[in-house]
Amino acid sequence: MELKYEEEINTNTCDLDPFSESERKAYRFVFQDIDDSRNFDPPYYRTDYKNDECRVWALSFFDSLEESKAKIRTLKKHTPNIQKKLGTHIAEGNLDKNDGITNKSNGEGHFSLFEYKGVDLSTKFNIVGPSI
Amino acid sequence: MKKIHDIGSYSPLDKKFIGTLLFSAYPITTVYSNKKGNPVIKEWVDCNKNGTVDRYFIYELDPSVLLFFLRGEISHKDLFLSAKNNLGFIFEKNRDEEKKYLITSPQDLPEDYLPEYDTYVNPDDIVDYDKIYQYFNLDIYEDKDYNNYYHKSISSKYNAETFNIHFKTGSGIKHGTIDTELLGITTLEFDNLYKELVFDTFLGKDRGSLNTKSKSNQELVEFSKTEIYNNIAASYSIFIRPKYSHATLFDKETFTESVANKLFNLIEESLDSEKLADTYSRYSEFVISSYLNLMAHVKEKNLNMDFAWYKPTNKAYKKNKVNSRTAYQAVSNINNLSTTEKDQFDVTGKFTALNCNTGHFAFESVNEEEFSGYLEKRIRDSAVSLNFKDFYKITIDRAIEKEPGKADPKITDTIISHYKMDRK
């Protein structure tokens, strides 16, 4: 299937081999309104960080609520205003093979998702509570 | 009219992107290199309500400071506060368009733009460590010490000759914290030593005990005061300066420099018994006593510390390491300078006090000179035969012990024999 940002992703430098379809529970930082347009925007539209032509098109998720809360706590210590950018809440959802391709989680339970074209994750995720 | 350079048209990011410091998924801290080849850090700090305008703080750093951060020796907040020339740029960017710049100091940033106080980097969070390390050749700064760097920076910033007491290890010392009692006692002992060195420098070593309450000495007493004016977590490090500087128009060596030289010479000499024997007489007993107290405290608390001093005008720097082993050595060397003189003489007079159990006596000579001490054990039982009415001729063994750090010698008198006189 075609990736949502297929054209933008520089496939010459983007190694998608570690990514594959899977079914997994996922947690993401979002704003209080699940329909907020920023919630599932890739980093390209949310920062001026354009230095990684691959990473800026992937969405970040966590395997568990605890791991996502731990991360926001760490981020907040370094950048107190970070929730103004990433969102004040955490949403939970179930990703499946129709949503896109994900990689393996790292030691902090973080993984990335390249969405397939036409996917709207706001319909699959629900707010579970504030991130802090 | 002449064209004035518009700072607004200067991009603080006139540089090359090197790598991301923190974090992989959320790159809030990135590293660039400017034309001078110095690191320039870009920190995301804020955004507007709908997230369309981002605000960053951008600042240049000494490469060594970047290394201190990567090594976890300084916090993220310290990184901000180490901005070169204490300046940085705030700039706002709207996705594709740079908006405006402000020049500001990290000290003036809103509190929520700065990392929390005790936030240090987790090595696992550094994204492009190797790229950044190699680009800035950080290996050449590996032997640099942050405490040393900070000491010189703070001293230069305030143009103050500065002592540094760096508490490295010991009971009650952790990274960024120290037991109040330990800090209090150590700084007090140091302050006392500094005062006595000031008095020695001003009045000479034969000055005797100074009445610090006397009005005539108030100016000197004020002049001997110091203040702690900065500290860093390192494990715990404090920076002390004289409270009042003494202007020396014609002397190359400032007053504080002279005191600092005496202090560090004393520390060094005290570790070498031969050197100490030659130089010890240069110090008053009050300086030696204060120094002994400080070293005894270091030994008792098993401290591992550095004492240092820096003069920013000529970059003169002194440092000595002190720990329980060197403190023991110093105390031992000084105590070995004790001398004991012996004397023996006869005195005629009457006993004025006697304790038959302990053998303690008090004796007044016919010349109204007073003596006290103990009967030698061998003749202690004879105390019961003595009285306060008759005249006695006593033979006294006198030991005069001169201890370093004590102004007055310790005199110990022992009666080794006594005879009742038939008449005066």
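No lab work stands behind these numbers, since they all come straight from the coordinates. All values reported here derive from a predicted model rather than from experimental measurement. Note that each Cβ is placed from the backbone with ideal geometry, even for glycine, and that neighbours are counted across all protein chains shown.
Computed from point charges on the beta carbon alone (+1 for Lys and Arg, -1 for Asp and Glu), the dipole magnitude for the stretch B:297-424 about its Cα centre is near 940 Debye. Counting other Cβ atoms within 10 Å as a rough exposure proxy, the listed residues B:S382, B:S24 run B:S382, B:S24 from fewest neighbours to most. If you add up the charges near A:T74, with Lys and Arg at +1 and Asp and Glu at -1, over every other residue whose beta carbon is less than 14 angstrom from its beta carbon, what do you get? Neighbour charge sum, excluding A:T74 itself: -2. Peptide B:107-114 has a mean shielding of 2, counted as Cβ atoms of other protein chains within 10 Å of each residue's Cβ. Take each residue of peptide A:109-118, count the partner chain Cβ atoms within 10 Å of its Cβ, and average: the result is 1. Projecting the Cα atoms of A:N98, A:V119, A:S131 onto the charge dipole of chain A (Cβ charges, centred on the Cα centre) puts A:S131 farthest toward the positive pole. Between B:A233, B:S214, B:F89, the Cα set farthest toward the positive side of the dipole of the protein assembly as shown (charges on each charged residue's Cβ, about the Cα centre) is that of B:S214. Counts of other chain beta carbons within 10 angstrom of each beta carbon in peptide B:48-54 average 4.
Checking Cβ-Cβ separations below 4.7 Å across the protein assembly as shown identifies B:C47, B:C356 as cysteines lacking any candidate disulfide partner. The angle between the Cα long axis of helix B:324-335 and the longest principal axis of the Cα atoms of chain B comes to about 30 degrees, rounded to the nearest 10. Between the Cα long axis of helix B:146-157 and the first principal axis of chain B there is an angle of about 90°, rounded to the nearest 10. Shown for B:S338, A:S20, B:S237: other C-beta atoms within 10 Å of each C-beta, ranked fewest to most, produce the order A:S20, B:S338, B:S237.
Quickly rank B:304-310, B:139-145, B:49-55 as a protection proxy: mean count of other C-beta atoms within 10 Å, highest first.
Ranking, from highest mean packing down: B:304-310, B:49-55, B:139-145.
Taking Cα centroids, how far is the stretch B:113-127 from the stretch B:359-424 in Å? Computed from Cα coordinates, the inter-centre distance equals 73 Å.
Note on the stretch B:248-311: Lys pairs 8 or more places apart or on different chains, Cα atoms under 19 Å apart, count 4. By the helix-only formula, in which each DSSP H run with n ≥ 4 contributes -39500 (n - 2.57) and the sum is divided by residues, chain B has a 222 nm mean residue ellipticity of -8000 deg cm²/dmol. Put in order of Cβ neighbour count within 10 Å, fewest first, the listed residues A:L65, A:L95 become A:L65, A:L95. A DSSP coil position with no more than 16 other Cβ atoms inside 10 Å describes the following GluC sites (Glu not before Pro) in the stretch A:1-88: A:E2, A:E6, A:E7, A:E8, A:E21, A:E23, A:E53. Toward the positive end of the charge dipole of chain B, with +1 on the Cβ of Lys and Arg and -1 on the Cβ of Asp and Glu, the farthest Cα among B:S290, B:F202, B:I18 is that of B:F202. Placing unit charges on the Cβ atoms only, positive for Lys and Arg and negative for Asp and Glu, gives the stretch B:213-372 a dipole magnitude near 1140 debye about its Cα centre. Within straight-line reach of B:K35, meaning a Cα separation under 23 Å, sit the following lysines at least 8 residues removed in sequence or on another chain: A:K50, B:K15, B:K16, B:K84, B:K93, B:K99, B:K100, B:K131. Each peptide in B:41-48, B:175-182, B:264-271 was scored by the mean count of other Cβ atoms within 10 Å over its residues; highest first, the order is B:41-48, B:264-271, B:175-182. In whole angstrom, note down how far apart the Cα centers of the stretch A:57-132 and the stretch B:38-53 are. If you average the Cα positions of each part, the centres end up 21 Å apart.
The mean sequence distance of close C-alpha pairs (under 8 Å, at least 6 residues apart), as a share of the length of chain B, puts its relative contact order at 11 percent.
Which of rounded, prolate or oblate describes the stretch A:11-132 when judged by the alpha-carbon gyration tensor and an a/c cut-off of 1.5? Taking the square roots of the gyration eigenvalues as a ≥ b ≥ c, the stretch A:11-132 is rounded.
Of the peptides B:386-397, B:69-80, B:146-157, B:209-220, the ranking by mean beta-carbon count within 10 Å, highest at the top, reads B:69-80, B:146-157, B:386-397, B:209-220. Can you give me the C-alpha center-to-center distance between the stretch B:160-236 and the stretch A:1-49, rounded to a whole angstrom? So the two Cα centres are separated by 60 Å. Charge tally for B:E376 (other residues, Cβ to Cβ under 12 Å; Lys, Arg +1; Asp, Glu -1): 0.
For the stretch B:352-409, the list of GluC sites (Glu not before Pro) that fall in a loop by DSSP and count at most 13 other C-beta atoms within 10 angstrom reads B:E368, B:E369.
What is the protein assembly as shown by shape, rounded, prolate or oblate, if you read a ≥ b ≥ c off the alpha carbon gyration tensor as root eigenvalues and call it rounded for a/c under 1.5, prolate for a/b larger than b/c, and oblate otherwise? It is prolate, given that a/c is not under 1.5 and a/b is the larger ratio.
Using the Cα gyration tensor of the stretch B:193-315, with a ≥ b ≥ c the square roots of its eigenvalues, what is the shape: rounded (a/c below 1.5), prolate (a/b larger than b/c) or oblate (neither)?
Working: a/c = 1.38, a/b = 1.08, b/c = 1.28.
Rounded.
Rounded to the nearest 20 debye, the dipole size of the protein assembly as shown about its Cα centre is 1420 debye, using +1 on the Cβ of Lys and Arg and -1 on the Cβ of Asp and Glu. Annotation: extensible slack from B:K84 through B:T352 equals 88.7 nm (criterion: 0.36 nm per residue apart, minus Cα-Cα distance).
For the pair B:D343 and B:M421, a Förster radius of 30 Å applied to the C-beta separation gives a FRET efficiency near 0.85, rounded to the nearest 0.05. For the pair B:A407 and B:N38, the difference between a 0.36 nm per residue extended length and the Cα-Cα distance amounts to 127.1 nm.
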